[in-house]
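Participant: Take a look at this one; I'll ask things after.
The values are calculated or read from the model by the stated rules, or taken from the named source; none is laboratory data. It should be emphasised that the depicted structure is a prediction, and the values quoted were computed from it without experimental measurement. Every residue, glycine among them, receives a Cβ derived from its backbone with ideal geometry; neighbour counts consider all protein chains shown.
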């Protein structure tokens, strides 16, 4: 093994590493006392901080683990673990919905919020930062991302059918998880480049040998998993109680605050790539995350609901949930069209961010339907008036030769 050069000291990376390790500690200590004496606000704050810290540790552990395990396994592990914090919160709501139907409301809120944040905030921010750092007006997306685009389009088109049965049912679960497994198999056969490490993961790799690196990965995974397991339920329940206590729409708290905590590591890492003029890597990671959440996460909800004792018909959808799902599907459809020509401009990023931001601050039924229609109208307009996008979109629907 080639000896690594002695790395330069980087106090910033060490600071973030220690911060992530310490973030779960206050809540873990409180959990040992069953959270005695803590208000709902303090519980949600400490548990949310623990989830953020654990999520960063998970992301760094998975990045380091990809150096040691087979590529096909790395893809599957990355797909599963990178969204574990989001799963922990959302599946808690789905499981609770089996005994308390009102929690079905929150499961869909968390899932749709996470998906819309990825595009409206995540994709747009990475592109805008990358364009600014590289003094350009657009980002060229690698052709290898067509694989993720294809499965994003397939999952999005299917998602429009989900509300027709009034529930996310086991058939939906079978289709979406089937798409995810198909995606994983296809990804293992495709061309993949090993992404360069950034941040604390790179700091660790530069300073330790292979054996110690594997130990660190194992410790991070176990510590983070425990932190998430202990924090997910009190964090989610605390948000619900805060909404009720302060007359705040609990749906909105669950939809936006919870995903911000669980998605933060993905956003930060993607933005770091963009800051270091490797924005295509950051965007690629977020596109892959969108596919994972739009297939595996949505498909897992009815399974958790039924296993917990809920009706075999699946996780029920009321009118509000149907509106949110339609809006999420419409946003996903337009986003897929904007990137299918492998060119993502600043104007397109601003469009996604603006549409997301405006509807975020006007959470009414009329606004949700209006923006769903607006997304689809823009999609249809671009599809007909842009030959490049039309050809790119149609190519995603054709079987790969």
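Participant: Consider residue 111 carefully, then state whether it is surrounded by 23 or more Cβ atoms within 10 Å (Cβ to Cβ), in contact (Cβ under 8 Å) with a residue 40 or more places away in the chain, touching a helix residue (DSSP H, G or I) at 6+ places or on another chain (Cβ under 8 Å) and not in a helix (DSSP H, G or I).
Facilitator: Values: surrounded by 23 or more Cβ atoms within 10 Å (Cβ to Cβ): yes; in contact (Cβ under 8 Å) with a residue 40 or more places away in the chain: yes; touching a helix residue (DSSP H, G or I) at 6+ places or on another chain (Cβ under 8 Å): yes; not in a helix (DSSP H, G or I): no.
In short, no.
Participant: With under 19 Å from the mean Cα position of the chain (by Cα), in a helix (DSSP H, G or I), over 16 Å from residue 259 (Cα atoms) and at pLDDT below 90 as the only criterion, which of 14, 57, 73, 91 stands out? Give the derivation first.
Facilitator: Numbers: 14 fails: under 19 Å from the mean Cα position of the chain (by Cα); 73 fails: under 19 Å from the mean Cα position of the chain (by Cα); 91 fails: over 16 Å from residue 259 (Cα atoms).
Result of the check over 14, 57, 73, 91: 57.
Participant: Name the pairs: first residue in segment 201-215 and at positive phi and buried (at least 17 other Cβ atoms within 10 Å of the Cβ), second residue at pLDDT below 85 and in a helix (DSSP H, G or I), Cβ to Cβ under 8 Å, at least 6 apart or on different chains?
Facilitator: none
Participant: Would you point out the residue of segment 20-37, among those that are exposed (fewer than 13 other Cβ atoms within 10 Å of the Cβ) and closer than 18 Å to residue 223 by Cα, that is modelled with the highest pLDDT?
Facilitator: 22
Participant: Restricting to segment 342-401, and then to whatever is within 16 Å of residue 332 (Cα to Cα) and at pLDDT below 90, can you tell me which residue is nearest to the chain's Cα centre (by Cα)?
Facilitator: 360
Participant: While we're on this one: Assigned to a helix (DSSP H, G or I), out of contact with any strand residue (DSSP E or B) (no Cβ under 8 Å at 6 or more places or on another chain) and either modelled with pLDDT under 70 or farther than 18 Å from residue 269 by Cα (or both): does that describe residue 78? Don't jump to the end; show me each part of the working.
Facilitator: Numbers: assigned to a helix (DSSP H, G or I): yes; out of contact with any strand residue (DSSP E or B) (no Cβ under 8 Å at 6 or more places or on another chain): yes; either modelled with pLDDT under 70 or farther than 18 Å from residue 269 by Cα (or both): yes.
Against the criterion (assigned to a helix (DSSP H, G or I), out of contact with any strand residue (DSSP E or B) (no Cβ under 8 Å at 6 or more places or on another chain) and either modelled with pLDDT under 70 or farther than 18 Å from residue 269 by Cα (or both)), residue 78 qualifies.
Participant: So, of the residues in segment 121-143 that are closer than 11 Å to residue 339 by Cα and part of a helix (DSSP H, G or I), which turns out to be nearest to the chain's Cα centre (by Cα)?
Facilitator: Only one residue fits best here, namely 123.
Participant: What number of residues in segment 282-309 are farther than 16 Å from residue 118 by Cβ and surrounded by fewer than 24 Cβ atoms within 10 Å (Cβ to Cβ)?
Facilitator: Restricting attention to segment 282-309, the residues satisfying the condition of being farther than 16 Å from residue 118 by Cβ are 299-309.
Subsequent filtering for residues that are surrounded by fewer than 24 Cβ atoms within 10 Å (Cβ to Cβ) retains 299-300, 303-304, 306-309.
Matching residues across segment 282-309 total 8.
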